[in-house]
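Comments concern the structure below.
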Amino acid sequence: MEYAISIKLTEKQYHVLKNMAKDEYRTIGNTAAMLMATGFRWYIEDRYIYIDKTPEDRLPEAGEYQRYTDKELKGIFDSIPFNQ
């Protein structure tokens, strides 16, 4: 399943994002996703994040409460640009 996220940009922000995308032969959505994933990597280095695993990611023998590691979270966000 895929989900769409809508963000509001100023004219200047849109102009910058559009031209960044053009320079890298990407779509605007792909460029925004790439920037979001890159920013997430920095954010997670600076803070403690505790996110429970989805039922399909849990190991049956490890108990009910399982959380993603920082490495797993980075992997999830690293794949964002390639989903476009």
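Electrostatic bookkeeping for Gln66 treats Lys and Arg as +1 and Asp and Glu as -1; over the other residues with beta carbon under 12 Å from its beta carbon, the sum is -3. Averaged over residues, the count of other Cβ atoms within 10 Å places the peptides 29-42, 54-67 in the sequence 29-42, 54-67, highest first. Number of Lys-Lys pairs in the chain with C-alpha atoms under 17 Å apart and a separation of 8 or more places or on different chains: 4. If I model a spin label as a point 7 Å beyond the Cα along the Cα-Cβ vector, how far apart are those points for Asp57 and Ile76 in nm? Here the modelled spin labels are 0.3 nm apart.
Can you give me the Cα centroid spacing of the stretch 59-75 and the stretch 8-33 in angstrom? What the calculation gives is 33 Å, centre to centre. Volume of the convex hull of the chain (Cα atoms only), normalised per residue: 121 Å³. Between Lys12, Lys22, Lys71, where does the largest GNM mean-square fluctuation fall for the chain, given springs only between Cα atoms within less than 10 Å? Among Lys12, Lys22, Lys71, the largest mean-square fluctuation in the Gaussian network model of the chain belongs to Lys12.
When each full DSSP H helix of the chain is screened for a Cα extent of at least 24 Å along its own axis and an average Kyte-Doolittle hydropathy of at least -0.5, the helices passing are 28-46.
No lab work stands behind these numbers, since they all come straight from the coordinates. It should be emphasised that the depicted structure is a prediction, and the values quoted were computed from it without experimental measurement. Methodologically, a virtual Cβ is constructed for each residue, glycine included, from the backbone with ideal geometry; neighbour enumeration extends over all protein chains shown.
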